[in-house]
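These notes are about the structure you will find just below.
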Amino acid sequence: MLEQLLIFTRGGLILWTCKELGNALKGSPIDTLIRSCLLEERSGAASYNYDAPGASYTLKWTFNNELGLVFVAVYQRILHLLYVDDLLALVRREFSEIYDPKRTVYNDFDETFRQLRMEAEARAEELKKSKQMVKPVNNSKKQGQAQKAGFDKGNKKREGSSAAGGGDDNDEGKGRKLENGHSNGNIFEIYEPRMTAAVNGKENTSSNFSAFDVSKLQKRTKCGKKTDTVVNKGSKVDPKKKVTKKNRVWDDAPPETKLDFTDPVDGNGNEKIEVVPASQGESMMDVEEIISSDSEGEEDDNVQKDSKPEATKKGWFSSMFQSIAGKANLEKGDLEPALKALKDRLMTKNVAEEIAEKLCESVAASLEGKKLASFTRVSSTVQAAMEEALVRILTPRRSIDILRDMHAAKEQRKPYVVVFVGVNGVGKSTNLAKVAYWLLQHNVSVMMAACDTFRSGAVEQLRTHARRLQIPIFEKGYEKDPAIVAKEAIQEATRNGSDVVLVDTAGRMQDNEPLMRALSKLIYLNNPDLVLFVGEALVGNDAVDQLSKFNQKLADLSTSSTPRLIDGILLTKFDTIDDKVGAALSMVYISRAPVMFVGCGQSYTDLKKLNVKSIVKTLLK
């Protein structure tokens, strides 16, 4: 049964609801649909599932983009109502005819809706009956029995003929038994006799080639053994002589110096680590990035060139007249060439294919039925809509000011805890040190927690960063429970009065369940204020797999009813990708978490904020 049908404007004004249904919905499915789908450019999807305590709903919707109307139907997910799509199309058609922007009450639409609903239900019932009538009768069992009987008769006849012919035709008899699919009680694939027949055919036609010549194979192996022994004899090296690689000496080169960049050691054997003061250089986090304003005409020309083959089908006069007078309503066919060009462009910028396709579907849904303004091309309209969608996706929906949140935690006399998670080799420890350096510049007392007890050298690496930055570090060595280590580190930071605790964790692949279970335990036990996913800007389609599976594993393996998921993203190696910035879009779209930091170099100052306008401009360039 249909639970609710709602008509409202894009501005949020409710014009009509079905009073006849009048069912009180559990939870807030309409608000969630607007927040999770319509505002995040996911409106190209066919439906949306909403789970509430005691109920599970499916929501379907359609638009009238010309009038700015949204039509939403809600029903129980278990019912699978077939007439909802047809009903929404009928309601959109009838309501659009009586819609008046100055009018806000449509009580007279109740009777119209009742008739439309009956009509849609009748159509669905007729369609269901017609499918049942057309459905063929399943006689597979009878056919199988008939085939089996035929095979048995054929086998008996062939066995009889082979027995009458004598013992010379044993091979032929075996071949025939293989064709039937049976030989000595063993079942063979039906394709096997065909392949053997083809080989036999080759043998009969050309006598120079054979399927398998054992004598030749033996000769080859003997030859191979001889050559191997010769090589082994010649390659003997005198064990007394040590072969060392000599450095190449270039002309006019200075005298050789030892290429040793490790930290020097004093007389007691202690390393002399260079201390990096917080005043050494300003972090790029506090520097505003300036974007050069280039002309946008080239971008429109590129889109127009990409869609040129479809555009040349029309005459120049008709296209000129259409651009002056404006098109009545945009149809899906008008949008496809420009959307295909935009999709290809996004994929060349390293956006995951799945994300690029969903974005184009959402833009098409928002433009279909809209009137094209005069002196406006379809390509420029599509590009403007895509630009708005990208800005809306990449702009954070909540505050990402860590300093403000840290001060709020300080007032409650507890440290602000940040956990760095991610796959192997993305630069979690290095970028953790960059974040620590940035916090030190804002006079924040920082403490590091070495909770990567899995990778050898991880504790020493973090210890080196801590010594260079003069930051306390909490470590317990290797093969310890990282959740317990993090808990003890937070307790130590509370006693010492540290403002922020930066927790380093082991790199783990998204499919490694034991390590993902340990990470879920660490997050559940310590309840950090921020869970940062550290990901490479180099990845393409794998970004979707990494983030979706990380979130899924954290949700599935958590013992809490409200599991913690990824709160923010730290993009690393951003200085190595040129204009391939699509990973930022893919990660934000799939996780709905904002990009909070961008690593763009190897020094402590190379950490900056994500410039949304710059990313959007690069994606569409």
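The values are calculated or read from the model by the stated rules, or taken from the named source; none is laboratory data. From a predicted model like this one, the values you see are computed outputs, not experimental measurements. For neighbour counting, all protein chains shown are included, and Cβ atoms are generated from backbone atoms with ideal geometry for every residue, glycine included. SASA here: full protein model, heavy atoms, side chains in, ligands and nucleic acids out. Shrake-Rupley method; radii C 1.70, N 1.55, O 1.52, S 1.80 Å.
Of the residues 43, 96, 56, which is in a helix (DSSP H, G or I) and of a type in the set (Gly, Ala, Ser)?
On the way: 43 fails: in a helix (DSSP H, G or I); 56 fails: in a helix (DSSP H, G or I).
That would be 96, the only listed residue that is in a helix (DSSP H, G or I) and of a type in the set (Gly, Ala, Ser).
List the pairs whose first member sits in the range 476-500 and is without any contact (Cβ under 8 Å) to a residue 12 or more places away in the chain, whose second member is outside any loop (DSSP other than H, G, I, E, B) and crowded, with 22+ Cβ neighbours inside 10 Å, and whose Cβ atoms are under 7 Å apart, counting only residues at least 6 apart or on separate chains?
From the range 476-500, no pairs qualify.
In the range 450-491, what count of residues is obtained for those that are open to solvent by 50 Å² or more (accessible area, probe 1.4 Å) and closer than 19 Å to residue 529 by Cα?
4
Any residue that is closer than 22 Å to residue 393 by Cα and either open to solvent by 40 Å² or more (accessible area, probe 1.4 Å) or more than 24 Å from the chain's Cα centre (by Cα) (or both) - is there at least one of those in the range 11-19? Can you show your working first?
First, the residues of the range 11-19 that are closer than 22 Å to residue 393 by Cα: 11-12.
Narrowing the set further to residues that are either open to solvent by 40 Å² or more (accessible area, probe 1.4 Å) or more than 24 Å from the chain's Cα centre (by Cα) (or both) leaves 11-12.
Checking the range 11-19: at least one residue is closer than 22 Å to residue 393 by Cα and either open to solvent by 40 Å² or more (accessible area, probe 1.4 Å) or more than 24 Å from the chain's Cα centre (by Cα) (or both).
Scanning for something farther than 17 Å from residue 546 by Cβ, open to solvent by 10 Å² or more (accessible area, probe 1.4 Å) and small (Gly, Ala, Ser), does the range 585-593 turn up at least one residue?
No, that holds for no residue.
What about residue 613, is it at pLDDT below 90, of a type outside the set (Ser, Thr, Tyr), open to solvent by 10 Å² or more (accessible area, probe 1.4 Å) and over 22 Å from the mean Cα position of the chain (by Cα)?
The answer is no for residue 613.
Report those helices (runs of 4 or more DSSP H) wholly inside the range 476-592 carrying at least 2 residues which are under 20 Å from residue 466 (Cα atoms). Before you say what the answer is, go through the steps one by one.
Working: elements: 482-496, 513-526, 542-557, 582-591.
Result: 482-496.
Look at residue 370 and say whether it is surrounded by 16 or more Cβ atoms within 10 Å (Cβ to Cβ), touching a residue at least 60 places away in the same chain (Cβ under 8 Å) and assigned by the TED database to the domain that holds residue 507.
Spelling it out, it is not the case that residue 370 is surrounded by 16 or more Cβ atoms within 10 Å (Cβ to Cβ), touching a residue at least 60 places away in the same chain (Cβ under 8 Å) and assigned by the TED database to the domain that holds residue 507.
Look at residue 535 and say whether it is more than 20 Å from residue 354 (Cβ to Cβ) and touching a strand residue (DSSP E or B) at 6+ places or on another chain (Cβ under 7 Å).
no
Out of 580, 609, report the one residue that is farther than 21 Å from residue 442 by Cα and touching a residue at least 24 places away in the same chain (Cβ under 8 Å).
Result: 580 is the single residue among 580, 609 that is farther than 21 Å from residue 442 by Cα and touching a residue at least 24 places away in the same chain (Cβ under 8 Å).
State all residues of the range 90-101 that are among the aliphatic types (A, V, I, L, M) and either outside the structural domain of residue 13 (by the TED database) or surrounded by 14 or more Cβ atoms within 10 Å (Cβ to Cβ) (or both); if no residue qualifies, say none. Give the steps one after another, and end with the answer.
Taking the range 90-101 first, the residues among the aliphatic types (A, V, I, L, M) are 90-91, 98.
If the condition is that a residue be among the aliphatic types (A, V, I, L, M) and either outside the structural domain of residue 13 (by the TED database) or surrounded by 14 or more Cβ atoms within 10 Å (Cβ to Cβ) (or both), then 90, 91 are the ones that fit.
Each row is one residue, and each column tells you yes or no for (1) surrounded by fewer than 16 Cβ atoms within 10 Å (Cβ to Cβ); (2) among the charged types (D, E, K, R).
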residue	(1), (2)
359	no, no
362	no, no
366	no, no
374	yes, no
388	yes, yes
394	no, no
